[in-house]
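The values are calculated or read from the model by the stated rules, or taken from the named source; none is laboratory data. Note that the coordinates shown come from a computational prediction; the quantities given were computed from them, not determined experimentally. Because the Cβ atoms are built from the backbone with ideal geometry, glycine has one as well, and the counts that use them run over all protein chains shown. These accessible areas exclude ligands, DNA and RNA; they are computed on the full protein's heavy atoms, side chains included. Shrake-Rupley method; radii C 1.70, N 1.55, O 1.52, S 1.80 Å.
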Amino acid sequence: MKEKLRYLVYFGIIISIELFCSLTLNSMGIRKENILMVFIVGVLLISTFTKGYFYGLLASIVSVLCFNFLYIDPNYDFHISDPNDFMLILFFLMTSVIACSLTDRFQKQIIISKKNEGISKQLYSLSERLLNVSGIEYILLKGNQYIEESIQIKTNISLEIKEESKNVIPIIGMNRVLGSIEILSHQGLNEDQMIIIKAAANQLGNASERELTYLEQEKIKVAMEREHMLNSMLRSISHDLRTPLTGIVGASQLMNQDHLTNEDVYSLAKDIHDQAHWLTQIVENILNMSKIESGNLVLHKNLEVVDDLIYEAIQHLPELEKRNVVVDVPQDLLFINVDGKLMVQVFINILNNAIKYTKEKDQITIHVKKLENEVQFMIKDTGSGISKNILDHIFEEFVTDTNVSNDSQKGIGLGLAICKAIIQAHGGKIWAKDEKDGACFIFTIPSDKELNV
């Protein structure tokens, strides 16, 4: 109503101005053909300011009547005596109608262009929001927020595929339906609102397709890495299991010979024992890693004396007799709340690593230090050290030092990975350092200082 009233005011003002201008020009002796241009301009102004075809057509009729009444002989009458004047008025009316039509169409095109520009800006804003967004749920959340902010309509956007209807808009990616936008508002939506929702569905489809493609690529990458890791593990396991088994079979066959002395039998039995012990360690590591990978590693914690754990691990490693082992522990007893069996396994794995990279009579030091809220363990050897190419990955699975030539070297690269998993399960930390005179492994276990005496 206010808009119509405003248009009527514009109409009256412009008609008044064109009448005033035409009378002024007429008093100056300007011919009626030129005065007619004032009325045409007035019609164009009314069509422009009122933004409507109706007011422009009404202005054309009123202007023709005013021109006829004021300037066509006989004056102040609506009769037309001269055919030329009739044609002049007819052409004026036609020109006015055509001008009104073109102005109205031009204004509608401007409105459509502005509307399209606004929608394009909104879609650009949505695209910009979704550009660096990762995660399907976050992408859908951003789309929901955008629609609610843009048209104040609540929607439910999900990956659930629903049947398309007037309240359900599908989210389409690359030749597949990825989800749907469900309009929760019960009031009817206008065309502009539907355009925005459909355009948002298109943008969400592109963003979701991009994210799903990335996730699928990552799954393929992980599957390929697992397959490669599995192949490496099978090769390593087959090699490392075959070595001790071959030694056991060979030594047992030799023991069946009659000419062997007691010393030969003892030596062969010791070889069988060592190979069987190493085979047990390999199987133990494989079982522990399988528990860790499946999330079935369960800690059975008890108060354990640090000294007992260390010496129990040493007893499991007869090869340490050929090394110079130094154990440096505090005089006071240290207690830690740990799974004793798993902690012994940690010591065994690290000490085994030290054995592999040291020679006979080399020194291996086990140093224990009580800190404020934790106990620190350091196992250091004087061997060949840690190669720089594996130092940052030494606690990963199946990582072995291929640059070290050592015929006695054994293992499939699981020992240190198991150590890290066990230490972290106890709330501790583990790291390694390559020093000038060997390798150093350090790990910490949380400790209650009231337990130490």
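Restricting attention to segment 7-44, the residues that are at pLDDT 80 or above and on the phi > 0 side of the Ramachandran plot total 0.
Results for (1) on the phi > 0 side of the Ramachandran plot; (2) open to solvent by 60 Å² or more (accessible area, probe 1.4 Å); (3) free of Cβ contacts under 8 Å to residues at least 40 places away in the same chain, shown as yes or no for each residue.
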position	(1), (2), (3)
H79	no, yes, yes
I89	no, no, yes
F92	no, no, no
T95	no, yes, no
C100	no, no, no
F106	no, yes, yes
I111	no, yes, yes
S120	no, yes, yes
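How about segment 54-71: which of its residues are within 10 Å of I89 (Cβ to Cβ) and among the aliphatic types (A, V, I, L, M)? The answer is V64, L65. When residues in segment 415-429 are screened for being farther than 11 Å from I350 by Cα and either assigned to a helix (DSSP H, G or I) or touching a residue at least 24 places away in the same chain (Cβ under 8 Å) (or both), 7 of them pass. The number of residues in segment 27-53 that are farther than 16 Å from F92 by Cβ and assigned to a helix (DSSP H, G or I) comes to 5. Selection over segment 25-38 of residues that are in contact (Cβ under 8 Å) with a residue 40 or more places away in the chain and either under 25 Å from E3 (Cβ atoms) or exposed (fewer than 13 other Cβ atoms within 10 Å of the Cβ) (or both) gives a count of 1. Taken as a whole, the condition of being surrounded by 15 or more Cβ atoms within 10 Å (Cβ to Cβ), modelled with pLDDT under 80 and out of contact with any Asp or Glu (no Cβ under 8 Å at 6 or more places or on another chain) does not apply to L204. When residues in segment 353-389 are screened for being of a type in the set (A, V, I, L, M), in a loop (DSSP other than H, G, I, E, B) and buried (at least 17 other Cβ atoms within 10 Å of the Cβ), 1 of them pass.
Among residues of segment 280-291 being of a type in the set (A, V, I, L, M) and either closer than 29 Å to P330 by Cβ or at pLDDT 70 or above (or both), the one that is most open to solvent (accessible area, probe 1.4 Å) is L287.
The residues of segment 292-350 that are of a type in the set (V, I, T), within 18 Å of M378 (Cβ to Cβ) and open to solvent by 50 Å² or more (accessible area, probe 1.4 Å) amount to a single one, V326. Just one of the numbered conditions (1) touching a residue at least 40 places away in the same chain (Cβ under 8 Å); (2) under 38 Å from the mean Cα position of the chain (by Cα); (3) surrounded by fewer than 20 Cβ atoms within 10 Å (Cβ to Cβ) is not true of E396: (1). Within segment 2-16, residues that are in a helix (DSSP H, G or I) have Cβ atoms under 6 Å from residues that are open to solvent by 80 Å² or more (accessible area, probe 1.4 Å) and among the hydrophobic types (A, V, I, L, M, F, W, C) in these pairs: Y10/F49, counting only partners at least 6 apart in sequence or on another chain.
If we scan segment 101-119, do we find a residue that is touching a Cys at 6+ places or on another chain (Cβ under 7 Å), within 30 Å of D192 (Cα to Cα) and modelled with pLDDT of 75 or more? Lay out the reasoning, then the answer.
At the first step, the residues of segment 101-119 found to be touching a Cys at 6+ places or on another chain (Cβ under 7 Å) are none.
No: zero hits.
Residues that are open to solvent by less than 70 Å² (accessible area, probe 1.4 Å) and at pLDDT 75 or above within segment 122-137 comprise G135, I136, listed in sequence order.
Once segment 1-15 is narrowed to residues that are open to solvent by 70 Å² or more (accessible area, probe 1.4 Å) and not basic (K, R), the residue that is farthest from L70 (Cα to Cα) is M1. For Q187, all conditions in the list (1) at pLDDT 75 or above; (2) open to solvent by 80 Å² or more (accessible area, probe 1.4 Å); (3) outside any helix (DSSP H, G or I) hold save one; what is the number of the exception? Result: Q187 passes all but (1). Among the criteria (1) open to solvent by less than 80 Å² (accessible area, probe 1.4 Å); (2) at pLDDT below 80; (3) within 22 Å of S125 (Cβ to Cβ), the one E149 does not fulfil is (1).
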